[in-house]
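Quick notes on the structure that follows.
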Amino acid sequence: MRRSIVAIVLIALVGFVVSAAGPFSGSWSSEMRFEPGAALSFASLDSMLILRYALGPFVSTSESEWRRWGFIWQGFGLTGALGGFDVRADLLFGPSTGDFLYAQGIVSMSLAGLDMAGYWASLSDAVLGGPAAGGALRLAGSVGRLEWIGITEFGARIRDDDYDGLQIVHAATGLYRSYDTFPISGGSACGSGWTGEKLSVSGWGFGCVEDVAATLYMSCVSGWEWIRLEVEGIDSGLSWLSLDAALTFELQTKSLVFIPTLVVGKSVCVDAYIDVRSDAFPSIDGIGLYGVGIVWSRDGVTVKELAVLDTGRYAITTPEHGSAIEAIADAVEAGHAFYPDYWELLSIDVRRDGCCGGTHRFVVNSYFDRDAGGLLGWGMTSMEGEVAISSTLLLTGTLEVDTSGVDHVGFGFEVGW
């Protein structure tokens, strides 16, 4: 079986090359990492080759990813239009083991103001959580000022504002690939039928409030799961100050999460993360401020400050997962990596126009240890830099330093055509 899958991959690769009669583009990126010590030692080599071919109304994509351990991922994609339908398909294989890993298909269209999309995906038994297969239907439209979105799940969840979709993790490296559709029917107590429903309605406005949105979710297992209310643009009477707020009511866990956002002018946002704990609503056991976030952004410079005040239940996610404050239970359930030992993040992100259409970028993330006894409790700093030599050539560099010294340093490039 594994040999057959490898053969299919090779045949597909050859087919892509042979059929590349239309426009051809792609990119190749690579990074080498070293671990300082008595002697600078080679730690890892990461490389990705992306090829794109235009085939009539479709664009096919091949993504090949190598690491020091070998050829770990081979993905294929296809996007395009077929009549009035937009079509997307994705396949993922594990060449080093000869395994088929994942398949996804998405078909969407718009008709008379109604946006419709169907999702389907299959996860193999070579991936944690598989085998599984399932689908979902998404409908969206508007009535006057009101906009609504309905998602009906038949054994699968899809990426949206509340859900990151599927992440397939490579156990040996910790790397992951992300996709829109997450089949869950293999582990669902409801089988392959209806498994969940989400409905969102937005566009209400009244008085000094610009917009009110409501989202509710229910599943076949627990019934009503949660309800969230979001309020944007509360007029404070001051031209430079407005207020946004989000209130989440989780029925099964009997908790409330309230996140008001102060928007100061056009540059500063202040978030206060508040939860209300109760064993039996409507009685309240306690109200706690579990986190604070401040974001300042202007002229290509963004400064973010996050502080977790309840480190037993909340944590800061890694940059790959948004560098956000999230409940540890939710992060574990969603597969989000987080820092269990750091309670504070100070991040500076600078972007500037580079040469010939490229962009320079420099990011510094400093984390502070909740158990450290030194000044401010500094624990670790990571730095990433990108320098555009031209619109098609980018040089990259990374550096990570913690309390024990330099953890690693990396150099790389990305070239496109």
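Any residue at all in segment 245-254 that is part of a strand (DSSP E or B), surrounded by fewer than 18 Cβ atoms within 10 Å (Cβ to Cβ), modelled with pLDDT of 85 or more and of a type in the set (A, V, I, L, M)? So far as segment 245-254 goes, no, none of its residues is part of a strand (DSSP E or B), surrounded by fewer than 18 Cβ atoms within 10 Å (Cβ to Cβ), modelled with pLDDT of 85 or more and of a type in the set (A, V, I, L, M).
Residues in segment 125-137: is at least one under 23 Å from Val201 (Cα atoms), buried (at least 17 other Cβ atoms within 10 Å of the Cβ) and not acidic (Asp, Glu)?
Taking segment 125-137 first, the residues under 23 Å from Val201 (Cα atoms) are 135-137.
Right, trim to buried (at least 17 other Cβ atoms within 10 Å of the Cβ) and you get 135-136.
Narrowing the set further to residues that are not acidic (Asp, Glu) leaves 135-136.
The answer is yes, given that some residue of segment 125-137 is under 23 Å from Val201 (Cα atoms), buried (at least 17 other Cβ atoms within 10 Å of the Cβ) and not acidic (Asp, Glu).
Just give me the residues in segment 130-152 being acidic (Asp, Glu) and at positive phi, in sequence order. The answer is none; no residue qualifies.
None of Gly416, Gly322, Gly357 is surrounded by fewer than 16 Cβ atoms within 10 Å (Cβ to Cβ), out of contact with any strand residue (DSSP E or B) (no Cβ under 9 Å at 6 or more places or on another chain) and not polar (S, T, N, Q) except Gly322.
Applying the set (1) surrounded by 19 or more Cβ atoms within 10 Å (Cβ to Cβ); (2) out of contact with any strand residue (DSSP E or B) (no Cβ under 6 Å at 6 or more places or on another chain) to Leu111 leaves exactly one unmet item: (1). Listed by first and then second residue, the pairs linking a residue in segment 334-347 that is acidic (Asp, Glu) to a residue that is not in a strand (DSSP E or B), with Cβ atoms under 8 Å apart and 6 or more places separating them unless they lie on different chains, are Asp341/Arg370; Asp341/Asp371; Glu344/Gly377. Screening segment 255-371 for strands (runs of 3 or more DSSP E) wholly inside it with 3 or more residues that are modelled with pLDDT under 85 returns the ranges 255-264, 268-277, 286-298. If only residues of segment 88-99 that are surrounded by fewer than 21 Cβ atoms within 10 Å (Cβ to Cβ) and in contact (Cβ under 8 Å) with a residue 24 or more places away in the chain are counted, the one that is farthest from Thr195 (Cα to Cα) is Ser96.
In segment 328-364, which residues are more than 16 Å from the chain's Cα centre (by Cα), of a type in the set (A, V, I, L, M, F, W, C) and closer than 20 Å to Asp310 by Cα? Listed by number, the residues that qualify are Ile328, Ala329, Trp343, Leu345, Leu346.
Selection of segment 165-183 for residues being at pLDDT below 80 and of a type in the set (S, T, N, Q) yields only Thr173.
The values are calculated or read from the model by the stated rules, or taken from the named source; none is laboratory data. These numbers were taken from a predicted model, which means no experiment stands behind them. Quick reminder, even Gly has a Cβ in these numbers, built from the backbone with ideal geometry, and neighbours come from all protein chains shown.
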